[in-house]
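Here the structure comes first, spelled out in structure tokens, and everything after it is commentary.
The values are calculated or read from the model by the stated rules, or taken from the named source; none is laboratory data. Given the structure is predicted, the values throughout are model-derived calculations rather than measurements. Glycine gets a Cβ as well: all are built from the backbone with ideal geometry, and neighbour counts include every protein chain shown. These accessible areas exclude ligands, DNA and RNA; they are computed on the full protein's heavy atoms, side chains included. Shrake-Rupley method; radii C 1.70, N 1.55, O 1.52, S 1.80 Å.
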Amino acid sequence: VQLVESGGGLVQAGGSLRLSCSASGSTRTINVMGWYRQAPGKERELVARIFTGGTSTNYADSVKGRFTISRDYSKNTLYLQMNSLKPEDTAVYYCYAGGIYLHSWGQGTQVTVSS
């Protein structure tokens, strides 16, 4: 599975961005998709994930109520709607797809939130 992110950029605190992740290849093998982020000097952390076939989602405590993950199966695309952005949300955001024999990552997209 190949993943390509888009939608990152520079935004002021309080603003919004929507990230997209287009998946191609053996997308039927995907059991879960998610967004991770990595800030300079910090470890990569889970932001949100969504399980295939249902509505089960998980969010990091730091983004609950501000970010929404969704998936369009007809377009093989994962989204992350980010509202009320804070400077501490600044990071490279990575798309992830996982399955029984699958672990794929996108190349990452930079999100910068200015104060």
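With a cut-off of at most 10 other beta carbons within 10 Å, and DSSP calling the residue loop, which GluC sites (Glu not before Pro) in the range 1-98 qualify? Please list them.
Answer by residue number: Glu43.
Within the range 4-53, which trypsin sites (Lys or Arg not before Pro) sit in a loop by DSSP and count at most 10 neighbouring Cβ atoms inside 10 Å?
Listed in order of number, the matching sites are Lys42.
Determine the relative contact order of the chain: mean sequence separation of Cα pairs under 8 Å and six or more apart, normalised by residue count, in whole percent. Could you put the intermediate results ahead of the total?
On the way: 287 pairs, mean separation 43.4, N = 115.
Over the chain, the number comes to 38 percent.
Using a 1.4 Å probe on the protein heavy atoms, what percent of the accessible area of the range 1-87 belongs to carbon and sulfur?
Carbon and sulfur: 46 percent of the exposed surface of the range 1-87.
Over the C-alpha atoms of the range 43-91, what are the Rg and the largest Cα-to-Cα span, Dmax, in Å?
Spelled out, the Cα radius of gyration and Dmax of the range 43-91 are 11.7, 34 Å.
Can you tell me the length gained on complete extension of the stretch Lys64 to Gln38, counting 0.36 nm per residue apart and subtracting the Cα distance?
Extra length from Lys64 to Gln38 when fully extended: 7.6 nm.
Add +1 for every Lys or Arg and -1 for every Asp or Glu among the other residues with Cβ under 15 Å from the Cβ of Ser115, and state the total.
Working: positive: Lys86; negative: Glu88, Asp89.
Neighbourhood net charge equals -1.
Pull out the extension gain between Phe51 and Tyr101, defined as 0.36 nm times the separation in residues minus the alpha carbon to alpha carbon distance; nm, one decimal.
Roughly 16.4 nm would be gained on extension.
Using 0.36 nm times the number of residues separating Ser74 and Thr29, minus their current alpha carbon distance, what extension gain do you get?
Extending this stretch completely gives an extra 14.7 nm.
So, for the chain, what is the accessible surface per residue at a probe of 1.4 Å, expressed in square angstrom?
The answer is 54 Å² per residue.
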